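Below: one structure, written as structure tokens.
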């Protein structure tokens with residue numbers, strides 16, 4: 001009887017448990033993607049909306065469509081990075097990845113509810129590190145160190161460029177020729193926002209579905225498409241919360257300042273991507289907005305809101321590591337390795 005039960009467990013129960021565990025990972029990952037879609041609306045469409053050159057509904061619909069496209073056609077590289085270049089050595093179990101996704105989803109959703117723009121990249125990476133350390137897996141600290149350097153440098157670089165770009169646009173003369181040049185700014189601002197929406201799908205969908213590559217759950221194209229659709233739904237259903245916060249509650253913006261900030265965000269993110277790394281779109285944009293505000297007057301900066309955002313940036317990596325480390329240890333203590 002014992003051998004029969006063992007055979008049944010091997011042939012039927014073990015595969016069934018694995019399928020159920022994989023299905024749970026998919027559901028939690030898509031929930032995380034939904035939360036990210038809501039969280040990043042301000043990062044990609046905050047400036048066109050702040051400058052009143054695009055309506056709320058149009059901004060969210062455009063963001064949703066281009067996020068799906070970017071996730072489907074341009075996310076394979078970053079999915080591989082998340083899936084294979086953070087945790088090394090040893091087998092990464094689906095159970096550990098579920099812990100990572102639960103932690104990242106919970107923290108991102110909490111920050112969105114509090115209307116605090118943060119970095120889901122930093123949350124996800126440190127959730128991976130926390131769970132990996134708890135599970136006894138080897139972490140690629142060289143990759144973490146390189147990412148940390150980019151994360152530290154990106155905001156001050158964005159502040160400086162935001163200041164310079166705003167000053168440059170302010171030097172355009174108020175003549176007929178200068179006014180004619182300024183007419184292109186609304187179109188340019190919307191165009192940069194649309195490009196950022198594509199970049200969001202290509203760069204950030206890996207936070208949610210990149211872990212699928214660790215266990216070869218689906219082809220990368222399928223993972224990117226599924227994550228992109230979930231992000232699009234998040235933007236449409238809950239995205240206006242952060243969009244309004246970034247647009248109106250950080251820095252009082254006009255058209256030139258908004259154009260400078262959105263352009264700086266694109267420059268900073270693309271510079272990081274060109275080095276094979278990724279940085280926070282939120283941090284690049286908020287830094288650029290601060291620089292644009294300082295170029296005009298310190299009174300344009302909402303200091304209380306800004307301090308809260310910076311506090312969130314500092315806490316998010318620590319909270320990601322701590323939460324997933326504790327969750328993984330609890331799981332190991334409860335059901336074993």
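The values are calculated or read from the model by the stated rules, or taken from the named source; none is laboratory data. Every value quoted in this text rests on a predicted model; they were computed, and no experiment measured them. Virtual Cβ from ideal backbone geometry, glycine too; neighbours counted across all protein chains shown.
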Determine whether residue 263 is modelled with pLDDT of 80 or more, over 17 Å from the mean Cα position of the chain (by Cα) and part of a helix (DSSP H, G or I). yes
Within the range 101-110, which residues are touching a helix residue (DSSP H, G or I) at 6+ places or on another chain (Cβ under 6 Å) and farther than 17 Å from residue 128 by Cα? 109
Apart from one, (1) without any contact (Cβ under 8 Å) to a residue 12 or more places away in the chain; (2) within 14 Å of residue 284 (Cα to Cα) all hold for residue 142; the odd one out is (2)
Counting just the residues of the range 121-139 that are touching a strand residue (DSSP E or B) at 6+ places or on another chain (Cβ under 8 Å) and surrounded by 24 or more Cβ atoms within 10 Å (Cβ to Cβ), which one comes out farthest from residue 287 (Cα to Cα)? 132
State all residues of the range 218-260 that are assigned to a loop (DSSP other than H, G, I, E, B) and either more than 14 Å from residue 66 (Cβ to Cβ) or over 16 Å from the mean Cα position of the chain (by Cα) (or both); if no residue qualifies, say none. 218, 219, 249, 250, 252, 253, 254
Selection from the range 86-104 of residues surrounded by fewer than 24 Cβ atoms within 10 Å (Cβ to Cβ) and at negative phi yields 88, 91, 92, 93, 94, 95, 98, 102
Condition (residue is at pLDDT 90 or above and within 14 Å of the chain's Cα centre (by Cα)) applied to the range 88-99: is it met by at least one residue? no
Right, residue 315: over 23 Å from the mean Cα position of the chain (by Cα), at pLDDT 85 or above and either part of a helix (DSSP H, G or I) or buried (at least 22 other Cβ atoms within 10 Å of the Cβ) (or both) or not? no
Regarding residue 118, is this residue crowded, with 23+ Cβ neighbours inside 10 Å, in contact with a helix residue (DSSP H, G or I) (Cβ under 8 Å, 6 or more places away or on another chain) and under 30 Å from residue 304 (Cβ atoms)? yes
